[in-house]
Structure formats: C-alpha cells, structure tokens
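J.: Once you've had a glance at the structure underneath, I'll fire off some questions.
Here, each number is a calculation from the coordinates, and none is a lab measurement. Since the model is a prediction, treat every value here as computed from it, not as a measurement. Here the Cβ positions follow ideal geometry from the backbone for every residue, glycine too, while neighbour counts run over all protein chains shown.
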Amino acid sequence: MWGIRRGRLAAVGVVVAALGVAGAAVGSSLRAEGIAPGPDRAAIQDAVQASKAPTRTARVHKAIPVRISIPAIGVNARIIPLGLNRDRTVEVPKNFAETGWFRPGPEPGEQGAAVILGHVNSRSGPAVFSRLRELRVGAVISVRLQDGSTVKFVARSMLRVPKNRFPTKLVYARTRQPTLRLITCAGPLNWATGHHPDNYIVFATVAR
C-alpha cells in the first residue's frame, strides 16, 4: 500500500492541510461542491472505487519532485517535501511562494495519488496557489523531478469542500495510474484566526 514506504501513515482519515495564513485542520467525510461537471465527475468516482481495491502490482518509484509549473495560472515554484506534524496533521510550507509534496505518499509519476499543497495567500499578499481556482479542466501541470525528468498531468476536475468534511479517501485514493492532487484554501479569510473555512482541490491524471 502507498503511504507506508516512508513511515506509517496511520489513520489517514485524520490528515488534511489547512493552507491559509496559519494552522491546520482535520476532516473525514465528504460534502463537496462540484466545480467540473459531466465526465470529469466520473473520474472522481473512479478514484473512489480504486481506493477500495487492493494494489497488487509493485510500484516503480520515481525521483522526488523539485519544481511545479502551471502556465495557465502563472505558477512556477519550488516543491519541498512535507511530512506530518505531531498531531498527525499535514505539514504546510513555511515559505508562501513554495509548494509542498506530501512525502509519505507517492512521488508524482508513480502509481497512486501524489499530493502537492500550497498556500492561497499570506498577510502580505497572494501566495503560490492564489489563482488555483482559475485552473480549468484540460490545463497542463508539469512537475520536474530531481533526476531532471518531467512528469506532466492534465487537470480533470475540481472540488471545494469544508475543511471539517475533507474527502480524505478521495484525495488519498490508491489510483491505478499516476494521479495528482493540488490542495489550497478557499473561502473568506478569518483574520482573527488566520483560517479559511474550506479547501479547494484539483484532481489531475498523468498525461499520456
């Protein structure tokens, strides 16, 4: 199973990044606002089904990701590896111009769902994923790996979800092909707490 190779990801159902100005949240169930209609919603259902099926094939590991490029929304940023905090929430990048790859999961390009996180804003202005909501189905996402190779993904669907109902099984599904999830915050910022109420998630599949 993915998520065990670099340290056991016990109770995956409690991990989700809260990528606002500060902090993290937890969630487990799904009440999602679908953004992409039609066939793209079917791709999400495929991911759900894949998460319920055991993965029997050996995974070929890729080099770690170092940079992400999304020309459609002006993203060209460094990727740093992230793990879990002591409370088992996902770490978030300290630099608001950088993204973070969830290292207990697959590398981008491996079988399974790779997860890359980024802040939506900071107290000084927009952050790396400030325009993630502008991304449209069919947009290309390129991830450069440490060995110099590049893996390209195509955006297939998007969801906005309350942080306290984060679709953990959907995001961390054991997909049969390489997939990618981009996660940031959504909704109005509460300046008192430094939190946004929702997460925004882009689901992408490897380009063939």
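J.: Would you please put 193-200, 178-185 in order of how densely packed they are, using the mean number of other Cβ atoms within 10 angstrom per residue and starting with the highest?
T.: Details: 193-200: 19.6, 178-185: 25.9.
By packing density, highest mean first, the sequence is 178-185, 193-200.
J.: When the Debye formula is applied to the Cα atoms of region 99-208, each taken as the same point scatterer, what base-10 log of I(q)/I(0) results at q = 0.22, 0.23, 0.24 Å⁻¹?
T.: Once normalised to I(0) and log-transformed, intensities are -1.26, -1.35, -1.43.
J.: Please give the residues of region 105-128, grouped as numeric ranges, whose backbone N is less than 19 Å from a label point set 7 Å along the Cα-to-Cβ vector of Thr193.
T.: Hits in region 105-128 for Thr193 at 19 Å: 119-123.
J.: OK, next. Arrange Lys62, Lys94, Lys163, Lys152 by Cβ neighbour counts within 10 Å, fewest through most, would you?
T.: Lys94, Lys152, Lys62, Lys163
J.: For region 61-147, what size does the Cα cloud have along each of its three principal axes, sorted from largest down, in whole Å?
T.: On the principal axes, region 61-147 reaches 33, 33, 22 Å in Cα extent.
J.: Moving to a separate point now. What full-extension length gain, to one decimal in nm, is calculated for Ser69 and Ala207 as 0.36 nm per residue of separation minus the Cα-Cα distance? Before the final figure, lay out each step's value.
T.: On the way: separation 138, 0.36 × 138 = 49.68 nm, distance 1.44 nm.
Once the chain is fully extended between Ser69 and Ala207, it gains 48.2 nm.
J.: How far apart, in nm, are the 7 Å Cα→Cβ label points at Arg176 and Arg88?
T.: Computed distance between label sites Arg176 and Arg88 equals 3.1 nm.
J.: Measuring from centroid to centroid over Cα atoms, what is the spacing of region 156-208 and region 67-106 in Å?
T.: Using only Cα atoms, the two centres lie 13 Å from each other.
J.: Could you give the dipole magnitude of region 90-147 about its Cα centre, charging the beta-carbon of Lys and Arg +1 and that of Asp and Glu -1, in debye to the nearest 20? Walk me through the numbers on the way to the answer.
T.: On the way: 7 positive and 6 negative charges, 66 e Å.
Using Cβ point charges on Lys, Arg, Asp and Glu, region 90-147 gives about 320 debye.
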